[in-house]
Structures are given as structure tokens and as C-alpha cells.
1. Name the single residue, out of those in the range 1-27 being of a type outside the set (A, V, I, L, M) and in contact (Cβ under 8 Å) with a residue 24 or more places away in the chain, that is least open to solvent (accessible area, probe 1.4 Å).
2. If you take the residues of the range 28-43 that are open to solvent by less than 10 Å² (accessible area, probe 1.4 Å) and of a type in the set (Gly, Ala, Ser), which of them is farthest from VAL119 (Cα to Cα)?
3. If the Cβ limit is 9 Å and pairs must be 6+ apart or interchain, which residue in the range 83-104 that is farther than 19 Å from ASP124 by Cα and free of Cβ contacts under 8 Å to residues at least 40 places away in the same chain pairs with which residue that is open to solvent by less than 80 Å² (accessible area, probe 1.4 Å) and assigned to a strand (DSSP E or B)?
4. (1) under 14 Å from the mean Cα position of the chain (by Cα); (2) within 19 Å of ASP105 (Cβ to Cβ); (3) surrounded by fewer than 19 Cβ atoms within 10 Å (Cβ to Cβ): which one isn't true of TYR79, the others all being true?
5. Restricting attention to the range 95-114, and to residues there that are surrounded by fewer than 17 Cβ atoms within 10 Å (Cβ to Cβ) and either modelled with pLDDT of 90 or more or touching a Lys or Arg at 6+ places or on another chain (Cβ under 8 Å) (or both), which single residue is farthest from LEU33 (Cα to Cα)?
6. Name the residues in the range 44-58 that are in contact (Cβ under 8 Å) with a residue 12 or more places away in the chain, in contact with a Gly (Cβ under 9 Å, 6 or more places away or on another chain) and open to solvent by 40 Å² or more (accessible area, probe 1.4 Å), would you?
7. Scan the range 59-76 residue by residue and report those that are within 17 Å of GLU24 (Cβ to Cβ), open to solvent by 40 Å² or more (accessible area, probe 1.4 Å) and either assigned to a helix (DSSP H, G or I) or free of Cβ contacts under 8 Å to residues at least 12 places away in the same chain (or both).
8. Give the range 6-43 a look and list any residue that's small (Gly, Ala, Ser) and either farther than 21 Å from LEU106 by Cα or assigned to a loop (DSSP other than H, G, I, E, B) (or both), or say none.
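The values are calculated or read from the model by the stated rules, or taken from the named source; none is laboratory data. Just so we're clear, the structure is a prediction, and the values are computed from it rather than from any experiment. FYI the Cβ positions are ideal-geometry reconstructions off the backbone, even for glycines, and counts take in every protein chain you see. The area values use the complete protein model at the heavy-atom level, side chains included, leaving out ligands, DNA and RNA. Shrake-Rupley method; radii C 1.70, N 1.55, O 1.52, S 1.80 Å.
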Amino acid sequence: MGVPLQNFLDSLPAPIFVVNDNVEVQAANTLGLKLLNKESRDVVKKLGGVVFECAYARMPEGCGGTVHCSGCAIRRSVYETAETGESRINIPATLRCDLSNPSHDLAMFISTEKMGDGVLLRIDKVCAPAGAC
């Protein structure tokens with residue numbers, strides 16, 4: 001008899017998002033929602049770039065569709081973990097929040113771990129502005 005997924009996620013001491021191999025959020029723990037100041041309905045079944053408010057996700061091509069997305073550390077880490085099953089630990093990632101003002105970039109460190117058909121995306125550290133890490 002297992003623990004319900006939400007209870008398990010909420011027991012973890014860091015912001016967590018469960019994503020599929022296309023970086024679509026399937027679930028989030030309370031700390032993850034609090035970090036983003038969002039409700040579950042604002043993140044579930046939404047692409048990571050939309051959830052994290054990446055400026056590139058607001059472009060006509062959308063999250064995952066721009067030339068910049070191939071270099072996204074979050075997207076690459078999720079893909080690699082989904083494909084290989086190997087965890088990625090403390091990976092630096094920069095989120096472009098405003099295309100016209102790089103000083104609004106958000107730096108973070110993330111980790112990924114395979115969980116069934118999904119990937120746990122853990123936010124290890126957030127630095128704002130990006131140069132603060």
C-alpha cells in the first residue's frame with residue numbers, strides 16, 4: 001500500500017515538480033507552488049516554460065519550440081533523465097524572464113530523478129538576480 005503522490009511530494013524538503021519527457025508538469029508539491037506563488041491549477045498540464053514564466057515560452061513558437069529551448073538546462077536535464085534514467089544533480093540553469101532586460105534573469109540550480117514514467121524536477125537553489133549565485 002503506497003503513499004498518495006501528493007503526500008509523498010509534500011513530504012520532500014524542496015520545491016518539486018513532476019514532469020513528463022516533454023517537460024509538461026504533472027504535479028507539484030506545496031513548496032514548489034509556494035516558490036512560484038501559484039496554485040496547482042496554474043501549473044498542472046502546462047509546459048515548464050509557461051509555469052516558470054520563461055520569456056521564450058511567450059514567443060509565437062512557444063515553450064520547447066524556439067531556437068533557445070534546445071539550450072535550456074532544465075529541458076536538457078529532464079530529457080536526459082527521462083531517456084537514460086540517470087539523475088542530474090545540482091545543474092545550473094538560467095531562466096530568461098524578460099527578453100529586453102537580462103538583469104531580470106533568474107539563476108537556479110536544479111536536479112532531476114526518474115520516477116516511473118515521469119521525472120522529478122527539484123529546485124535546489126534560486127538566485128535573483130542571476131549573478132547572485
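1. By that ranking, first place goes to PHE17.
2. Step by step, filter the range 28-43, then rank; the result is GLY32.
3. From residues that are farther than 19 Å from ASP124 by Cα and free of Cβ contacts under 8 Å to residues at least 40 places away in the same chain, the pairs are THR84/LYS114; GLY85/LYS114.
4. Single failed check for TYR79: (2).
5. So in the range 95-114, the residues surrounded by fewer than 17 Cβ atoms within 10 Å (Cβ to Cβ) come out as 98-104, 113-114.
Retained after the next criterion (residues that are either modelled with pLDDT of 90 or more or touching a Lys or Arg at 6+ places or on another chain (Cβ under 8 Å) (or both)): 102, 113-114.
On the way: PRO102: 25, GLU113: 19, LYS114: 21 Å.
Ranking the candidates gives PRO102 first.
6. LEU47, VAL50, TYR56 - these are the residues of the range 44-58 that are in contact (Cβ under 8 Å) with a residue 12 or more places away in the chain, in contact with a Gly (Cβ under 9 Å, 6 or more places away or on another chain) and open to solvent by 40 Å² or more (accessible area, probe 1.4 Å).
7. Passing the criteria: GLU61, GLY65, ARG76.
8. Scanning the range 6-43 gives SER11, ALA14, ALA27, SER40.
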